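Below you'll find the structure, written out as structure tokens, and then a few comments.
The values are calculated or read from the model by the stated rules, or taken from the named source; none is laboratory data. Model, not experiment: these values are computed from the prediction. Cβ atoms come from the backbone with ideal geometry, glycine included; neighbour counts cover every protein chain shown. The area values use the complete protein model at the heavy-atom level, side chains included, leaving out ligands, DNA and RNA. Shrake-Rupley method; radii C 1.70, N 1.55, O 1.52, S 1.80 Å.
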Amino acid sequence: MDAIRVTDGIYWVGAIDWNVRNFHGYTTPRGSTYNAYLITGEKNILIDTVKRPFFEEMLSRIRSVIDPSKIDVIVSNHTEMDHSSSLPQMQEVCGATVLASRFGVEGLRLHYPTLRTEMVADGQVIKAGGKTLKFIDTPMLHWPDSMFTYVEEDKVLFSMDAFGQHYATSKRFNDEVDQAALFQEAAKYYANIVLPFGHQVQQTIRKAQEIDIKILATAHGVIWRTDLDKILSLYSRWSSAVTEEKAVVVYDTMWNSTRIMAEEIAEGIASEGVRVDVLKLTDTDRSVVMKEVLDSRAVVMGTPTLNNTIFPSVADAAYYMKGLKPTGRIGAAFGSYGWAGGAVKQLHEIMKSGGLEMPFEGLELRYIPHEEERGKCREYGRQIGRKVKEMSAGKA
Ligand code: FEO
């Protein structure tokens, strides 16, 4: 397999994972890539590696440019195993020391005890074979160890997980692929991986604005060589919880009562002129839900009561969302019950603990919603819709 030229002396030598459909609990219908990069010159530098099963693919791409044993330095921008698990094998091949941030060195030693590593500090600059590499700590993008590596001569920023997409394609650059698919995957990636770290994203964007970047070489998906302003401004928007005049209704149902409630609430929201999506959890993965939550101003969740508690698929999505902390949005909980309720109250509390503002009491109905109850649901939806509009107007 061949390397792909990124710019003079810099090559993509990563791997395409066409078949991955679940990336630590996040569905990846378009697969992914693990991007490693080779910088050639008087010294040869490898930026990151690939997931262990793809080591041979990376090696063959390196071999298309240089003898892999001639690599002098390896940089590990991030310890997570989709990027680091080929480091021990790569070190065996070339003998190069692995440079990483302070937390990176600590994490790498805990993953691979015999790996030879050396710490580089935030802002540290090294000269290697005619290239100037600057290391920039970007903690929590996506782990505490994460850092960017910037090559001054070529204005290439190796941005690790940031600005990535789980998107397997035969093309390597952003301007070569379907734009709708690209931005959908970039948004889904942000919503499921980066969302809890808005503050750190803003700090990183400030750091990125201080340097002149021509190419954003990410660790997943395509490399940004155009539209850098667009992806940076989306990260700025997403990290500031800038949302649209939109609500998402997420529910599951046992005997259709909670489904009827979901659809009536959505009618009520829409009647106030607010866009609304309705997602049933049995048929929709939680990571798809989060992509819709990203630009929604209201998140409305519905659950039947099953054995005195929340329906399992709704509990799964609610706890997943709680971890991703979608602050800056309102939430509301609803659902139907038979013998005894309680699930809606529990759901309300989980949503609140995840950072949603919960301005309404939960709406809980017994058995089947008939005309009067349907009307209550529509009115509940109208209240949510009005609140979304108020927030749009800056009154909330
Ligand atoms: Fe792609 Fe956080 O690893």
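Below are the figures for this structure:
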read-out: Choice from Gln179, Gln89, Gln200 with maximal GNM fluctuation in the chain (Cα, 10 Å cutoff); value: Gln179
read-out: Highest-MSF residue in the chain out of Val300, Val13, Val151 [GNM, Cα springs under 10 Å]; value: Val151
read-out: Relative compactness, region 237-376, computed as alpha-carbon Rg over 2.2 N^0.38 Å; value: 0.96
read-out: Loop-located trypsin sites (Lys or Arg not before Pro) in region 291-396, at most 13 other Cβ atoms within 10 Å (DSSP); value: Lys395
read-out: Farthest positive-ward along region 4-239 dipole, Cα basis, beta-carbon charges - from Gln89, Thr114, Leu232; value: Leu232
read-out: Cross-link pairs Lys188/Lys246; Lys127/Lys155; Lys207/Lys322; Lys322/Lys389 - those with Cα-Cα distance over 22 Å; value: Lys207/Lys322; Lys322/Lys389
read-out: Per residue Cα convex hull volume in Å³ - calculated over region 22-158; value: 112 Å³
read-out: Where the chain is the region considered: accessible area per residue in Å², 1.4 Å probe; value: 41 Å²
read-out: GluC sites (Glu not before Pro) restricted to region 137-191 and DSSP loop, no more than 14 other C-beta within 10 Å; value: Glu152
read-out: Arg52 versus Ile4: modelled label distance in nm, points set 7 Å from Cα along the beta carbon direction; value: 2.7 nm
read-out: Region 272-368: GluC sites (Glu not before Pro) in DSSP loop, at most 16 other beta carbons within 10 Å; value: Glu361
read-out: With eigenvalues of the C-alpha gyration tensor scaled by 5 and rooted, the chain, Å; value: 46, 20, 18
read-out: Packing-based order for 231-242, 28-39, using average beta carbon neighbours within 10 Å, highest first; value: 28-39, 231-242
read-out: Span from the region 356-396 Cα centroid across to the region 1-52 one, whole angstrom; value: 47 Å
read-out: Computed magnitude of the charge dipole of region 264-396 (debye, nearest 20; Cβ of K, R +1, Cβ of D, E -1); value: 400 debye
read-out: MRE, 222 nm, helices only [DSSP H, n ≥ 4, -39500 (n - 2.57), over the chain, to nearest 500]; value: -10500 deg cm²/dmol
read-out: Surface share of carbon and sulfur [accessible, 1.4 angstrom probe, percent] for region 78-231; value: 50 percent
